[in-house]
Every structure is written in structure tokens, then in C-alpha cells.
Amino acid sequence: TVQEITERKCAEEALGRSGKNYQELFSHSPVGIFVTDSTGKPHHVNPEMARIVGASTPEEFLKTYRDLPTRFYADPKRRKVFIAQMRAQGKVENFEFEARHLSGASIWLSMNARINERFADGTFMIDGFIVDITDRKRAEDEQKIVLDLLDHLNRTSGLHELMGNILELLAERLDFEAVG
């Protein structure tokens with residue numbers, strides 16, 4: 001009996017250390033970590049996930065983004081694509097989507113996620129990681145503009161035509177009615 005009590009005590013201590021290590025990892029991770037369900041309700045987020053979207057605490061994130069498809073995703077259809085991939089494959093890797101920052105600005109995120117638990121009604125729990133890729137997406141967009149400008153330059157015969165093409169391209173890329 002003494003040996004059993006000692007073994008149980010050691011197991012409890014190891015479990016306590018394991019739980020503490022998990023909590024440290026969750027709280028201090030350099031990537032956003034989340035647990036949501038397939039209906040669009042977030043259950044847990046770490047402080048980095050909250051910071052990425054401009055929330056000061058995980059609790060503020062959970063309160064603000066109670067319905068992920070309509071509040072978090074810039075395009076709710078993208079959430080449907082995500083859920084369809086989760087149902088079909090049980091996971092997603094490098095799933096990119098545009099999200100809404102608390103400030104109202106658009107941000108781009110890359111997500112890796114997996115199904116954690118399935119329920120009889122067809123819903124499931126999702127564990128995942130989020131990384132902010134907004135800077136990379138902006139750099140890619142800027143690079144596309146420069147490449148398009150160079151392409152126009154190569155196809156243009158005169159300065160007047162070139163300037164017209166450049167203004168047209170900028171208006172298209174920057175979503176302006178008119179540039180001038």
C-alpha cells in the first residue's frame with residue numbers, strides 16, 4: 001500500500017507539471033492558438049490570438065467574435081470552405097483568409113487546424129494555430145503591381161499610352177474610380 005500511494009503521488013505530481021507546462025506553452029506561444037467548434041463559436045484562445053486581432057485579452061476576443069463566420073471572417077464564404085475542408089480531410093494546412101481586426105482593418109491570416117472531437121450531430125471541435133501574414137500579402141500585392149507596370153511598359157509604344165496604362169492599372173489595383 002505504501003508503494004501504491006507513493007506511485008500515485010508521483011503520478012499526480014507529474015500530471016501537475018505536465019498541466020503547468022501546457023498552460024505555459026498556451027499562454028506564451030508566439031502564434032495564435034484557438035479551440036472553436038464547427039458552428040462558429042470560439043471556446044478558447046491564447047493571448048497571442050487575442051493580440052493578433054487587436055483584443056487586449058482572450059476574454060475580449062471571445063466576447064467580440066462570438067460568431068466567427070460573420071464577425072471574424074471578412075468573407076463568410078471562406079469559413080464555409082474551411083469547414084468543408086475540415087469535414088473532408090480532418091485538417092487544413094496553410095489555409096489563408098482575410099479576417100477583421102477589431103479596428104475594422106483587414107488582416108490576412110494563415111491557419112493550420114485539425115478536428116479534435118466529433119459529435120453525433122455532425123458538429124466537431126477544432127484545435128488550431130494562426131499566424132498573421134498581412135505584411136507578406138501586402139508585399140505580394142506590391143510586387144504584382146510592379147510586375148504589371150513593367151509588363152505595360154514593355155507593351156507600350158509611347159509615353160502618353162504608358163501613362164494612361166499606368167493610371168488605369170493603379171485605379172484597378174487600388175480600387176479607385178479615377179486616378180489622376
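The values are calculated or read from the model by the stated rules, or taken from the named source; none is laboratory data. Worth saying up front: this structure is predicted, and the values here are computed from it rather than measured. Side chains included, ligands, DNA and RNA excluded: accessible areas come from the protein's heavy atoms. Shrake-Rupley method; radii C 1.70, N 1.55, O 1.52, S 1.80 Å.
Tell me, what HN-Hα J-couplings in whole Hz come from the Karplus equation 6.51 cos²θ - 1.76 cosθ + 1.60 at θ = phi - 60° for each residue of the range 95-105, using x for Gly and Pro?
Here the 3J(HN,Hα) series is 7, 9, 7, 8, 10, 9, 6, 4, 6, x, 6 Hz.
Enumerate the amide H contacts of residue 44 below 5 Å, restricted to partners 5 or more residues apart or on another chain; note that Pro and chain-start residues carry no placed amide H.
Sorted by chain and number, the residues that satisfy this are 35.
Using θ = phi - 60° and the Karplus form 6.51 cos²θ - 1.76 cosθ + 1.60, what ³J(HN,Hα) does each residue of the range 67-72 get, whole Hz, x for Gly and Pro?
Values per residue, Gly and Pro as x: 10, 4, x, 9, 9, 9 Hz.
Percent of accessible area on the range 44-180 owned by carbon and sulfur, 1.4 Å probe?
Its accessible area is 52 percent carbon and sulfur atoms.
For Cα pairs less than 8 Å apart in space and 6+ apart in sequence, what is the mean separation divided by the residue count of the range 86-152, i.e. the relative contact order in percent?
24
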